[in-house]
Structure formats: C-alpha cells, structure tokens
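Asker: Structure incoming, see below.
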C-alpha cells in the first residue's frame, strides 16, 4: 500500500533483458534503507527489490507488468518516481495507492499557469467509469486530483512542489504515463456490476 506522495526520484542505470523478465538497476538515495524483498513503487508500479548495494537497487519487471505499464520500455538514464510502502502508523497524505497500474495514458498538453502547471492526459475508455471530477488518480505513482474531466481526457493541476520533486517536470507531449484509479471507486463499480448481473 502506497500513498502517491513521492519520496524521491531515481535514475535507471541498467536494463538487463532476461528469459522472462527485465531487470532494472536504479540509482537512488533510498538504496541503503531498502532490504532484499522490500517493495518499492517505481513510477507507480509496485516492484520487489531483488538485489541492492549502497547506491542502487535492482528489481525485476515481469511479462504482465511490462505489457500494461510503461516499464515495458524503460530507458537507461530515465528518471523515475520512487515511494516506499506506507507504514501502519504513517499518515495518509495522498490517497490509497496499491501500485497495481490500471492502464496507461498519453500526455496531450503541458502548460504553465502562474507557478503551477496543467497536465492533460488521455483517459482509456476502460478506465472512464473509475474517474470522477475532484477525485483522486495516480499518474506515474503521484497522487493527484482530477481538476477537469472530459470523455477521453482529464487534466490535473500540479503545484510547484510536486512539479519540482517528481518526474512531471520532464513530461512532454506524447509521453506515456502509468495510471491507477482510486481503489474505492473500483470497488463501488464492481459491487454495482455484481448486483446488476
């Protein structure tokens, strides 16, 4: 369980293809605090630390994760958002994020607004039922509020702190981003579907 409040960014240093997975090596200041087997959200994707040293961690990306997230096409040098799991006694400053990506969207627009920025992203039809105006959505693992919502797109307004402390500052039109819809909304929709079946 995560909150969507990014702790740090890291840099993909190595990408090693395996027989059935990719192994990512990520340079991060969080490395000394991570144990083998620990979970770490990388751009909103919950991965497991399989090796580490004082400067880097290594994690495997399985076939299904590669298919449905942007981690299927990682780039050496790419900056990624990182978050360790929420502790039971911790504060929930964002919203409940599982690190289970629902799909990806494409950045359509990035524009400044005073010191903040607007980011507009495509909304896949398969996710539309789970997104509401003023609701929560995780974009590359970042807990954000849906500011505007249209049939096939949504926009978020990003405050200066979030802009400078996450990968959103590098966002460009055409980039793909991981999307995770609000968990509570998904349960509500599933319950209604089950009742009407």
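Bear in mind these aren't lab numbers, they're just calculated from the coordinates by the rules spelled out. Because the structure is predicted, anything quoted here is derived from the model rather than measured. Virtual Cβ from ideal backbone geometry, glycine too; neighbours counted across all protein chains shown.
Asker: Applying the selection to the range 147-186, what residues are surrounded by fewer than 19 Cβ atoms within 10 Å (Cβ to Cβ) and assigned to a strand (DSSP E or B)?
Answerer: 147, 148, 149, 153, 155, 157, 176 - these are the residues of the range 147-186 that are surrounded by fewer than 19 Cβ atoms within 10 Å (Cβ to Cβ) and assigned to a strand (DSSP E or B).
Asker: Shifting gears a bit: Within 24 Å of residue 64 (Cα to Cα) and either without any contact (Cβ under 8 Å) to a residue 60 or more places away in the chain or part of a loop (DSSP other than H, G, I, E, B) (or both): is that true of residue 121 in this structure?
Answerer: On the way: within 24 Å of residue 64 (Cα to Cα): yes; either without any contact (Cβ under 8 Å) to a residue 60 or more places away in the chain or part of a loop (DSSP other than H, G, I, E, B) (or both): yes.
In short, yes.
Asker: Which of the residues spanning the range 25-52 are in contact with a helix residue (DSSP H, G or I) (Cβ under 7 Å, 6 or more places away or on another chain) and free of Cβ contacts under 8 Å to residues at least 60 places away in the same chain?
Answerer: The answer is 52, and nothing else.
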